There are 2 protein chains.
Amino acid sequence: MVAYQGGDGWAALGDPTRRAIVACLAERPRAVGELAADLPVSRPAVSQALKLLKEAGLVAERAAGTRRIYRLNPAAVAALRDQLDAFWNRALSHYADVVEQPEEKS
Amino acid sequence: MVAYQGGDGWAALGDPTRRAIVACLAERPRAVGELAADLPVSRPAVSQALKLLKEAGLVAERAAGTRRIYRLNPAAVAALRDQLDAFWNRALSHYADVVEQPEEKS
DNA sequence: ATGCACCGTAAGAGTATGCTTACGGTGCCC
DNA sequence: GGGCACCGTAAGCATACTCTTACGGTGCAT
């Protein structure tokens, strides 16, 4: 059950515009034009950003007439969060040694 | 106590090479040459990647002779994780409506 | 049926990014 | 002191990325 392949979630979040979109969508599902109105970029730019986000599995779309309502996919966000959590846990075990002995031998 | 400003943690993780470095450092602190040996890029490339990661606060360096030991900064990772968690929580409240009705009306 | 509103895609340009090679500085060992 | 190993930085290049403008398709309301 991979479910989010095809695009890179991390790369998707690397762009400030896409991150802003994710932030907007986290608060409330929105249409493309609505997102563009709140962002400093054109509507097509938002469309392209949403395409990448959708390929990364971070957002899902829902048709409503001619409008396309995009919403955040919590599962994908959770997957990324878990990866970060794994890094965090692994690093902590080694970090413990460091705090114990900031002065390294020889 | 912000402590991690100056660079963008998300942008830093957007690059596959830097993400690989983070993954290596999560398992164990390493020197530059050691990282380069396990990566498909040159040593200077690793140096540049580490510079960005350091500016983003994701890694910390420790001098050991002529060697520079880099280690992951768990606090920075946790900060990013918390941001993702915030998105996750906000999205969940709206997602609840959707899971109740996977079949959209009309 | 006609007009309108909304959206995705194509093409293009300008910018930004990441890698490699070459160089200089620093600390350790013999 | 001489040599060596390790690392950061500079310059340059090739690539990838993101944005904008222009266009075509679709669904709704009148």
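Before moving on, here are some points about what is shown:
- Selection status of A:Asp82, closer than 20 Å to B:Gln83 by Cβ, more than 10 Å from chain B (Cβ to nearest Cβ) and open to solvent by 70 Å² or more (accessible area, probe 1.4 Å): no
- Residue within segment B:1-12 that is modelled with pLDDT of 95 or more and on the phi > 0 side of the Ramachandran plot present: no
- Residues (open to solvent by less than 40 Å² (accessible area, probe 1.4 Å) and in a helix (DSSP H, G or I)) located in segment B:67-79: B:Pro74, B:Ala76, B:Val77, B:Ala78, B:Ala79
- Residue check for B:Leu53: facing another protein chain (nearest Cβ under 9 Å), modelled with pLDDT of 95 or more and closer than 15 Å to A:Phe87 by Cα: no
- Of all residues in segment B:15-34, those satisfying the criterion of being open to solvent by less than 40 Å² (accessible area, probe 1.4 Å), near DNA strand D (Cβ under 8 Å from one of its atoms) and either part of a helix (DSSP H, G or I) or more than 14 Å from every other protein chain (Cβ to nearest Cβ) (or both) are B:Val32, B:Gly33.
- For B:Ala64, the test of being out of contact with any Pro (no Cβ under 8 Å at 6 or more places or on another chain), surrounded by fewer than 14 Cβ atoms within 10 Å (Cβ to Cβ) and over 13 Å from B:Arg19 (Cα atoms) is passed.
- Selected residue (criterion: surrounded by the fewest Cβ atoms within 10 Å (Cβ to Cβ)) from residues of segment B:35-53 that are in contact (Cβ under 8 Å) with a residue 24 or more places away in the chain and closer than 14 Å to B:Gly7 by Cβ: B:Leu52
- Residue in segment B:42-65 that is within 8 Å of DNA strand D (Cβ to nearest atom) and not in a helix (DSSP H, G or I) present: yes
- Any chance B:Glu34 is of a type in the set (D, E, K, R) and over 29 Å from A:Pro74 (Cβ atoms): yes
The values are calculated or read from the model by the stated rules, or taken from the named source; none is laboratory data. For clarity, every value in this text was computed on a predicted model and none was experimentally measured. With ideal geometry, Cβ positions are generated from the backbone for all residues, glycine too; neighbour counts draw on all protein chains shown. In case anyone asks, the SASA skips ligands and DNA or RNA and just uses the protein heavy atoms, side chains included. Shrake-Rupley method; radii C 1.70, N 1.55, O 1.52, S 1.80 Å.
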